[in-house]
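**Student:** Before I ask anything, here is the structure I am working with.
The values are calculated or read from the model by the stated rules, or taken from the named source; none is laboratory data. Predicted model, so just to flag it, every value in this text is computed and none were measured. Here Cβ is always computed from backbone atoms with ideal geometry, including for glycine, and neighbour counts include all displayed protein chains.
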Amino acid sequence: MKFILGIKQNMTQLFTDNGNVVPVTVLSTGPATVTQVKTTDKDGYKAVQVGFGEKSKKNLKKAQAGHFKELGNFAHVKEYRLEEDAKVAVGDKIDIDSFKTGDKVVVSAISKGKGFQGVVKRHGFHGGPRSHGQKHSEREPGSISGGTRNGGRVPAGMRMAGRMGSDKITVKNLKVAHINKEAGLIMIEGAIPGRRGTLVEIRG
């Protein structure tokens, strides 16, 4: 499995050879450094742990500093499963060269947080009618099923107002539209979850 980590920058558009416009999301990537290799004999499964980004050394926990040693002061650490025949070692660099234009990828990121929202925005409810003696009911949720066979209790899973956003979203079958190796940029067709500056995982 090939993978890379990146930071969401912005959206723009590209023109294809036949003149079509393609909306793309721009991600800035950098080499991810292998910080640990897990083996079946020692850990029970085969995986690779990588560090990405950089932050001040004074903001590192002592356990992190001892784990990273001289490899760097990484801001993000991720772990990925490996095939049995994959050969990697601590200190190896994983960069953008593993991807090429036209590849289909799976992208994961944390979506924008929207705070506490009502049922109209959160679940797409239509609200209540402003007629037959009702007023100020345009965005009300309506009945919450207190009279059902639950015996007056609200059933589990009832769609109601609450916190919205800040969830890990995975989007499949996106296409790599363009790669700029010199600048470390990868452009992926379509929209990607998250705000500017969000950490994005790209898997092939």
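**Student:** Quick test for you: out of GLY184, GLY197, GLY157, pick the one residue that is loosely packed, with under 12 Cβ neighbours inside 10 Å and either under 23 Å from LYS78 (Cβ atoms) or in contact with a Lys or Arg (Cβ under 6 Å, 6 or more places away or on another chain) (or both).
**Tutor:** Matching residue, one of GLY184, GLY197, GLY157: GLY197.
**Student:** Here is a follow-up. Inspect all residues belonging to the stretch 6-17 and state whether any of them is over 19 Å from LYS175 (Cβ atoms) and at pLDDT 90 or above.
**Tutor:** yes
**Student:** Of all residues in the stretch 149-204, which are within 17 Å of GLY30 (Cα to Cα) and of a type in the set (Ser, Thr, Tyr)?
**Tutor:** The answer is THR198, and nothing else.
**Student:** Take the residues in the stretch 98-154 that are within 30 Å of ALA177 (Cβ to Cβ) and among the charged types (D, E, K, R); name whichever of them is surrounded by the most Cβ atoms within 10 Å (Cβ to Cβ). Break it down stepwise before answering.
**Tutor:** As a first pass, look at the stretch 98-154 and keep what is within 30 Å of ALA177 (Cβ to Cβ): 98-114.
From what's left, among the charged types (D, E, K, R): 100, 103-104, 112, 114.
Details: LYS100: 10, ASP103: 16, LYS104: 10, LYS112: 14, LYS114: 12.
Checking each candidate, the answer is ASP103.
**Student:** Additional query: Could you tell me whether ILE202 is closer than 19 Å to ILE96 by Cβ and surrounded by 11 or more Cβ atoms within 10 Å (Cβ to Cβ)?
**Tutor:** yes
**Student:** Can you give me the ranges of the strands (runs of 3 or more DSSP E) entirely in the stretch 119-203 with at least 2 residues that are among the charged types (D, E, K, R)? Give the steps one after another, and end with the answer.
**Tutor:** Numbers: elements: 162-165, 168-180, 185-189, 199-203.
By residue number, 168-180, 199-203.
**Student:** Between a residue in the stretch 62-91 that is of a type in the set (Phe, Trp, Tyr) and any residue that is in a helix (DSSP H, G or I), which pairs come within a Cβ distance under 7 Å, given they are 6 or more apart or on different chains?
**Tutor:** Once the first residue is of a type in the set (Phe, Trp, Tyr) and sits in the stretch 62-91, its partners that are in a helix (DSSP H, G or I) give PHE74/PHE68.
**Student:** Could you tell me whether any residue of the stretch 151-166 is touching a Pro at 6+ places or on another chain (Cβ under 9 Å) and either of a type in the set (S, T, N, Q) or under 30 Å from PHE15 (Cβ atoms) (or both)?
**Tutor:** No, the stretch 151-166 has no match at all.
**Student:** While we're looking at this one, here's another question. Those residues that are assigned to a strand (DSSP E or B) and in contact (Cβ under 8 Å) with a residue 60 or more places away in the chain, I need them from the stretch 103-118; list them, please.
**Tutor:** If the condition is that a residue be assigned to a strand (DSSP E or B) and in contact (Cβ under 8 Å) with a residue 60 or more places away in the chain, then LYS104, VAL105, VAL106, VAL107, SER108, ALA109, ILE110 are the ones that fit.
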